[in-house]
Amino acid sequence: MEGRCNVVRAVLLAFSAVALCLVFPACSQAPVNATTKELYVRDPAKPLYDIEPVRGEQGPLLLHADGQTAKCSLCHDGFEGNMTEEALQDQHKDIKFDHGLNLRCLNCHNPKNADTFVNHDGSAIPGDKPTLLCAKCHGPHYREWQLGVHGRVNGYWDAKYGKQKKLDCIQCHNPHHPRFQPIVPEPTPRLTRFEKGKLIYGK
């Protein structure tokens, strides 16, 4: 008897899924008279699986200013002293530290090679590998990032079906003040309703 009940449940669940597909054959597309403010819809001009980064593409450690880029070593022949926010001038004067107790430039930047980061033992971390720098203090988050639990993986959920791209820490977090700033939430989506036998969107 219990086996028959399980079969009936499975048939009913399958029928429900088919019925939903028949009722909502194009649920990812907005009707002509709808606007993006009324409905949450996917932009059909973009790929189904968004692979755009959050804060821009990851690149080497460079200064970007006045439409140009330059290596840090162009101005810095190493660093002197134990620099803090108060010591920042010129191109760096707008940087504000809000990173826990990590308030000194040389906790992260290599005093011997300005184009690289520095590890706890003084060894260099490549300038294009900032996630390895974050890992030296944020071990649990780094391990979660490696597993895909923390952070953002763009592209296909299963890599065998298409491209995946795991974002680096600084593509979501500002390294000098990594805590996300408060944001105003978007309004809730307007639900689909039936009215007099017709499917009405955005009401």
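The values are calculated or read from the model by the stated rules, or taken from the named source; none is laboratory data. Model, not experiment: these values are computed from the prediction. FYI the Cβ positions are ideal-geometry reconstructions off the backbone, even for glycines, and counts take in every protein chain you see.
General remarks:
- Of the residues making up segment 83-104, those that are among the aliphatic types (A, V, I, L, M), free of Cβ contacts under 8 Å to residues at least 60 places away in the same chain and either within 17 Å of PRO178 (Cα to Cα) or not in a helix (DSSP H, G or I) (or both) number 4.
- Test: residue in segment 64-74 that is in a loop (DSSP other than H, G, I, E, B), polar (S, T, N, Q) and modelled with pLDDT of 85 or more: no
- Annotation: of all residues in segment 149-190 being in a loop (DSSP other than H, G, I, E, B) and β-branched (Val, Ile, Thr), the one that is nearest to GLY100 (Cα to Cα) is ILE183.
- Filtering segment 49-63 to residues that are assigned to a loop (DSSP other than H, G, I, E, B) and among the hydrophobic types (A, V, I, L, M, F, W, C) leaves ILE51, VAL54, LEU61.
- Pairs meeting the criteria (first residue in segment 118-146 and at positive phi, second residue assigned to a loop (DSSP other than H, G, I, E, B) and surrounded by 15 or more Cβ atoms within 10 Å (Cβ to Cβ), beta carbons under 9 Å, at least 6 apart or on different chains) are GLY122/ASN110; GLY122/PRO111.
- Filtered residue count, segment 90-139, keeping only those that are surrounded by fewer than 15 Cβ atoms within 10 Å (Cβ to Cβ), modelled with pLDDT under 90 and out of contact with any strand residue (DSSP E or B) (no Cβ under 9 Å at 6 or more places or on another chain): 9
- ALA87 meets all of the listed conditions (1) surrounded by 15 or more Cβ atoms within 10 Å (Cβ to Cβ); (2) hydrophobic (A, V, I, L, M, F, W, C); (3) at pLDDT below 85 but one, namely (1).
- Every residue from segment 58-82 that is loosely packed, with under 14 Cβ neighbours inside 10 Å, within 17 Å of ASP128 (Cα to Cα), without any contact (Cβ under 8 Å) to a residue 40 or more places away in the chain and within 25 Å of the chain's Cα centre (by Cα): HIS64, THR69
- Positions within segment 138-156 being under 18 Å from PRO53 (Cβ atoms) and of a type outside the set (A, V, I, L, M), in sequence order: TRP145, GLY148, HIS150, GLY151, ARG152, ASN154, GLY155, TYR156
- Hey, GLN181 within 23 Å of PHE79 (Cβ to Cβ), modelled with pLDDT under 85 and polar (S, T, N, Q) or not: no
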